[in-house]
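Notes for the one structure printed next.
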């Protein structure tokens with residue numbers, strides 16, 4: 001994916017030494033262009049299979065935009081990224097032309113398989129095009145298929161093509177000066193053979209040698225085969241000045257441009273951008289390229305590469321950011337507005353040091369949360385970037401939505417994620433109320449696995465511990481269950497309105513055959529019960545319901561019996577004093 005290439009380049013920019021990093025920049029550029037190329041090919045297939053004329057027109061326009069973007073990008077790669085030592089660029093420019101003008105290759109493949117290629121209408125045009133693109137081997141192969149190939153004229157041209165010096169043939173240790181001298185001798189031989197009119201009887205062979213000689217007039221005659229000024233530019237330089245440096249290319253643009261302009265017509269946007277690139281006006285190239293596409297993908301990624309190459313000044317724009325960051329912000333903005341690509345936009349904003357985080361915060365706050373999965377993704381993104389406020393906001397929105405739909409477990413899980421004490425407390429109270437009404441807990445898995453989250457609030461702690469009491473009781477560990485229940489009452493963690501429920505839970509333990517609570521613990525239970533009765537009669541100024549009075553009576557009896565048994569069992573007080581002690585306690589704790 002494109003984002004993977006982008007992310008990998010950013011990572012390597014901070015890990016790799018400057019000299020080695022340049023290779024990664026070039027690799028990333030080629031991957032981007034390959035993506036553009038593959039996308040264009042797939043789009044062309046879609047166009048060919050589309051019958052809707054309006055749809056076909058839209059797709060054609062989009063394809064043209066992609067092809068123009070790739071054309072500009074590949075030239076910028078040659079001039080600004082893959083710039084070899086010495087600045088010699090003709091070999092790379094030939095590759096650029098061949099990639100974007102494929103007709104000669106297509107013609108060659110269709111003609112070469114014919115029994116008599118020379119009879120094909122485009123035979124000589126194909127040879128001219130191949131020579132103009134520096135594909136001399138293919139041109140020689142077509143010539144060899146001609147019935148007159150064995151004649152002197154054909155042999156001479158074939159020999160000239162075979163001996164044509166190419167920079168790709170420059171051997172290790174050879175200098176450019178040596179190549180230039182060899183090339184000049186070869187061109188002089190081409191010119192001499194023309195002057196001696198060796199090909200006067202064969203106009204086609206004469207045209208080939210005129211091309212090899214770099215004759216200006218033949219390029220004008222063949223401009224329809226070149227199709228564009230920049231194709232002519234590269235072809236002319238191949239045969240007139242093959243050792244030209246990138247910095248000198250712009251000097252030769254105007255003469256080629258004039259060949260294709262009629263009545264002083266304005267040049268196209270794409271042509272203008274290519275000229276700006278050849279003039280090394282990279283800032284204007286980026287500015288004008290912004291109008292080529294409906295999104296910012298092209299200029300954002302190209303600018304990122306150029307920034308890493310050191311081709312762009314890091315000066316700030318009027319709004320405080322540099323050009324790279326501005327374009328990445330704009331591109332990320334288009335992604336954030338997409339239903340599924342917003343998460344990719346977040347990754348691009350990660351690499352905008354000035355304003356990226358602020359943009360992330362604003363986008364994350366405004367994104368609609370349609371599903372639980374999206375909410376979890378958003379929460380994780382906030383957590384990874386330490387965006388505490390945004391994470392809490394997401395949890396609150398989703399939690400309140402669940403709470404409104406009475407999905408208490410889901411709501412609590414989101415409130416726990418955000419560590420929202422107030423809302424988590426509200427949920428704990430709802431769980432306790434639910435238990436008071438139904439005698440059971442829903443969402444047991446959540447409550448059983450609260451872990452350290454129960455420490456978020458006192459009521460949540462009580463909820464977790466109370467559930468733990470039930471588990472101990474169900475497992476038959478009555479002593480641990482009783483001890484835990486007593487500690488909950490002593491610590492005053494439970495809401496007062498829930499105390500009666502706790503005392504009801506105490507009754508089975510008090511009536512058990514084995515003594516669970518000793519005398520001191522029983523006294524503590526009596527004290528808590530007294531506090532509860534006082535709460536009703538003094539602070540609430542209400543009386544208990546008949547049902548509560550019945551439960552209270554049963555509790556008093558159970559406490560009294562347990563105290564008697566505990567005192568007898570402990571054996572610390574004589575039997576004769578037991579009834580007197582018991583009577584005093586009962587009258588104090590349970591006044592009638």
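Annotations
- Residue within segment 123-131 that is assigned to a loop (DSSP other than H, G, I, E, B) and either within 45 Å of the chain's Cα centre (by Cα) or surrounded by 15 or more Cβ atoms within 10 Å (Cβ to Cβ) (or both) present: no
- Residue 305 under 27 Å from residue 349 (Cβ atoms) and modelled with pLDDT of 90 or more: yes
- Answer from 60, 82, 52 - the residue that is within 22 Å of residue 297 (Cα to Cα), modelled with pLDDT under 90 and out of contact with any strand residue (DSSP E or B) (no Cβ under 9 Å at 6 or more places or on another chain): 82
- Scanning segment 509-537 for residues that are under 14 Å from residue 483 (Cα atoms) and in a helix (DSSP H, G or I) yields 509, 510, 519, 520, 521, 522, 523, 524, 525.
- Test result for residue 267, out of contact with any strand residue (DSSP E or B) (no Cβ under 9 Å at 6 or more places or on another chain), farther than 18 Å from residue 79 by Cα and crowded, with 20+ Cβ neighbours inside 10 Å: no
- Segment 310-326 - residue that is surrounded by fewer than 18 Cβ atoms within 10 Å (Cβ to Cβ) and at pLDDT 75 or above and, of those, farthest from residue 8 (Cα to Cα): 311
- Considering residues of segment 287-305 that are over 20 Å from residue 35 (Cα atoms) and in contact with a helix residue (DSSP H, G or I) (Cβ under 7 Å, 6 or more places away or on another chain) only, the residue surrounded by the most Cβ atoms within 10 Å (Cβ to Cβ): 288
- Counted residues, segment 223-243 - those being touching a residue at least 12 places away in the same chain (Cβ under 8 Å) and farther than 26 Å from residue 179 by Cβ: 5
- Residue 258 being surrounded by fewer than 16 Cβ atoms within 10 Å (Cβ to Cβ), without any contact (Cβ under 8 Å) to a residue 24 or more places away in the chain, in a helix (DSSP H, G or I) and not assigned by TED's automatic domain parsing to the domain that holds residue 157: yes
- In segment 473-483, residue modelled with the highest pLDDT [restricted to those that are touching a helix residue (DSSP H, G or I) at 6+ places or on another chain (Cβ under 7 Å) and surrounded by fewer than 18 Cβ atoms within 10 Å (Cβ to Cβ)]: 480
- Test: residue in segment 233-244 that is surrounded by 17 or more Cβ atoms within 10 Å (Cβ to Cβ), within 28 Å of residue 344 (Cα to Cα) and modelled with pLDDT of 90 or more: no
- Residue match in segment 521-528 (condition: loosely packed, with under 13 Cβ neighbours inside 10 Å, farther than 25 Å from residue 459 by Cβ and at pLDDT 85 or above): no
The values are calculated or read from the model by the stated rules, or taken from the named source; none is laboratory data. Owing to the predicted nature of the structure, the values given are computational and were not obtained by experimental measurement. Glycine also receives a Cβ, built like all others from the backbone with ideal geometry; neighbour counts cover every protein chain displayed.
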